[in-house]
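No value in this document is a laboratory result; all are computed from the given coordinates. All figures in this text were calculated on a predicted structure; none of them were measured in a lab. All Cβ positions, even for glycine, are placed from backbone atoms using ideal geometry, and neighbour counts span all protein chains on display.
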Amino acid sequence: MKPHAESCEQNRAPILAVLLEAFADRKRVLEIASGTGQHAVYFAPELPHLTWQTSELPHNHEGIRAWLDEARLPNVLPPLDLDITAPTWPVSGVDAIFNANTVHIIAWPAVEHLFAGIGRVLEPGGIVCLYGPFNYGGRFTSESNARFDVWLKSRDPASGVRDFEAITALAQAQGLDLLRDVAMPSNNRTLIWQRRV
């Protein structure tokens, strides 16, 4: 039985609208933390010029494969075993990276590892799209995000909605310049960076 995330159904169309522009001239995208695999099978048919590389921790691979086996898409690759905290990743030379709903559910040191890994595998000129909720100036952008933060911290005190400024500092340290900060439904954002050539 395939795993299912309701949030993927709700956010996939708005995210795709952003990716159609951001990834228009890309060739190989790494999706970090593919989750159920739903995003990959929705996005890839609309971006047929891309090779979409899924990745996840091993315990999620079976679910991703279930979605991929059903979809049978020629431009989606089976999931890599990717631990974002590992000193090396099993991939290199990608010109695009996509990640959704991860930085607020992991501890801050893992967020730092995430960006360090992006710095190792993303080619000069490469594009990064990061989707999720963010605070600005240390403040929540909505009551719903404030409630979400309380819920996240009740599950794991090391998690929580991250500050845009702190995330941007990590990106800049890896040579990533912010291109766009796109408002999304449900008080989320898509942050788009390009790596300096």
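When the alpha carbon gyration tensor of the chain is reduced to an equivalent ellipsoid, its three semi-axes come out at 24, 20, 17 angstrom, largest first. For the chain, modelled as a GNM whose springs connect Cα atoms under 10 angstrom apart, the maximal fluctuation among Arg72, Arg162, Arg139 occurs at Arg72. The label point for Gln172 and the one for Met184, both projected 7 Å from the Cα toward the Cβ, are 2.3 nm apart. Volume per residue of the convex hull around the Cα atoms, evaluated for region 68-178, comes out as 136 Å³. Per-residue Cβ neighbour counts within 10 Å put Val18, Val29 in the sequence Val18, Val29, beginning with the fewest.
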